[in-house]
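What follows is a set of notes on a single structure, which appears directly below.
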């Protein structure tokens with residue numbers, strides 16, 4: 001009976017196994033460093049995503065505020081023949097007898113307060129743009145909103161952002 005070639009050798013095939021058993025400390029350290037770099041990259045990506053998400057939230061708030069005032073302007077075109085001075089009035093009470101101009105003043109005042117409270121460093125205004133659509137006699141208005149973009153630490157400012165909406169009354 002012929003023996004298997006491994007069994008014929010004078011040294012055991014398993015004798016080298018005892019010498020190379022397990023991981024070396026260098027291999028473990030290299031794998032920890034690679035894992036740490038990957039985790040740091042993931043953390044940086046997550047921080048950037050949170051910052052971009054905050055920017056998107058502020059922009060969506062600006063869009064909603066601009067369309068809100070645009071709807072108020074379309075509901076009361078007689079009060080917006082000229083840009084009214086923002087003024088608080090008793091027009092927020094149900095059943096109050098307000099003129100269209102008084103209602104426009106109150107809407108403008110209320111809207112400016114919302115812009116200031118909802119957007120960091122927010123400011124809003126309305127400018128008369130004239131006739132935007134050819135062949136119509138209606139007035140055009142531009143609603144402008146600006147706010148400050150904040151970094152993730154909320155102390156570093158990234159500059160101003162702006163949104164504008166043109167409407168035809």
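Quick note: the coordinates plus some simple rules give every number you see, no bench work behind them. Being a predicted model, the structure only gives us computed values, none of them experimental. Cβ sites come from the backbone with ideal geometry, for glycine too, and all protein chains shown count toward neighbours.
Some points to look at:
- Förster radius 35 Å - calculated FRET efficiency between residue 127 and residue 99, Cβ distance, rounded to 0.05: 0.95
- Between residue 46 and residue 117, the modelled labels are 3.4 nm apart [label points 7 Å from Cα along Cα→Cβ].
- Of 108, 67, the sequence from fewest to most neighbouring Cβ atoms within 10 angstrom is 67, 108.
- With a Förster radius of 45 Å applied to the beta-carbon distance between residue 63 and residue 24, the computed FRET efficiency rounds to 0.15.
- Full extension of the segment from residue 160 to residue 85, taken as 0.36 nm per residue of separation minus the current Cα-Cα distance, would add 24.5 nm.
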